[in-house]
Amino acid sequence: QVDLVESGGGLVQPGGSLRLSCAAARTIFSIHDMAWYRRAPGKERELVAAISHSGNTNYADSVKGRFTISRDNAKNTVYLQMNSLKPEDTAVYYCNADAISRATIIRTNYWGQGTQVTVSS
C-alpha cells in the first residue's frame with residue numbers, strides 16, 4: 001500500500017509558486033519528524049526542509065526565504081509552500097516521515113513516490 005501520498009507538483013514559470021502536500025495513510029501513526037527532499041537530474045538527494053512534531057523547522061540554504069514547510073497534525077499532512085521558484089528548483093520532490101507503523105508498532109522511516117516539479121519558461 002501507499003503510506004505517503006504527495007501531490008501538488010507540476011510545471012510552473014520562474015517566479016511562480018506551488019504548494020506541495022504529503023498525506024500519511026492510516027498505516028502510519030505517531031508521526032515525529034516530517035521532511036521534504038528533492039533529487040535533481042545528476043545530483044544526490046538533498047534535504048529541502050524539515051519540521052518536527054512541535055513545529056521546529058530547518059531549511060536548505062538554497063530555499064531559505066522562499067519555501068515554507070508546515071504541518072497539520074490533525075490531518076497527518078505536511079505542506080511545502082514554494083514561492084519565487086527558480087529553474088534550479090526543478091527536481092523530483094519526496095516526502096519523508098519518521099513515524100511508528102500501525103501494523104508492526106516499530107519506528108519506521110517512510111518515503112513517498114515523489115512528485116515532479118519543473119520550473120521553466
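The values are calculated or read from the model by the stated rules, or taken from the named source; none is laboratory data. Note that the coordinates shown come from a computational prediction; the quantities given were computed from them, not determined experimentally. As a convention, Cβ positions derive from the backbone with ideal geometry for all residues, glycine included, and neighbour counts pool all protein chains shown. Areas reflect the complete protein model, heavy atoms only, side chains present, ligands, DNA and RNA absent. Shrake-Rupley method; radii C 1.70, N 1.55, O 1.52, S 1.80 Å.
Worth a mention:
- Scanning the stretch 64-96 for residues that are open to solvent by 10 Å² or more (accessible area, probe 1.4 Å) and of a type in the set (Gly, Ala, Ser), we see that the one that is farthest from ALA49 (Cα to Cα) is ALA74.
- All positions within the stretch 61-75 that are among the hydrophobic types (A, V, I, L, M, F, W, C) and closer than 21 Å to GLY10 by Cα: VAL63, PHE67, ILE69
- The set of residues in the stretch 105-121 being surrounded by fewer than 12 Cβ atoms within 10 Å (Cβ to Cβ) and of a type in the set (Ser, Thr, Tyr) consists of SER120, SER121.
- The strands (runs of 3 or more DSSP E) found entirely in the stretch 74-121 that carry 3 or more residues being in contact with a His (Cβ under 9 Å, 6 or more places away or on another chain) and under 23 Å from ILE28 (Cβ atoms) are 91-101.
- Filter result for ASN73 (at negative phi, at pLDDT 95 or above and over 11 Å from the mean Cα position of the chain (by Cα)): no
- Every condition in (1) free of Cβ contacts under 8 Å to residues at least 40 places away in the same chain; (2) within 22 Å of ILE106 (Cα to Cα); (3) touching a strand residue (DSSP E or B) at 6+ places or on another chain (Cβ under 6 Å); (4) open to solvent by 20 Å² or more (accessible area, probe 1.4 Å) is met by LEU47 except one, and the failing one is (2).
- Selection of the stretch 1-32 for residues being surrounded by fewer than 16 Cβ atoms within 10 Å (Cβ to Cβ), assigned to a loop (DSSP other than H, G, I, E, B) and of a type outside the set (Val, Ile, Thr) yields GLN1, GLN13, PRO14, GLY15, GLY16, SER17, ALA25, ARG26, SER30, HIS32.
- Taking residues in the stretch 2-18 that are closer than 24 Å to TRP111 by Cα, and partners anywhere that are in a loop (DSSP other than H, G, I, E, B) and acidic (Asp, Glu), not one pair has Cβ atoms closer than 7 Å while being at least 6 places apart or on different chains.
- Options VAL78, VAL48; residue that is of a type outside the set (Ser, Thr, Tyr) and under 23 Å from GLN13 (Cβ atoms): VAL48
- So ASP61, is it in contact with a His (Cβ under 6 Å, 6 or more places away or on another chain) and either outside any strand (DSSP E or B) or open to solvent by less than 40 Å² (accessible area, probe 1.4 Å) (or both): no
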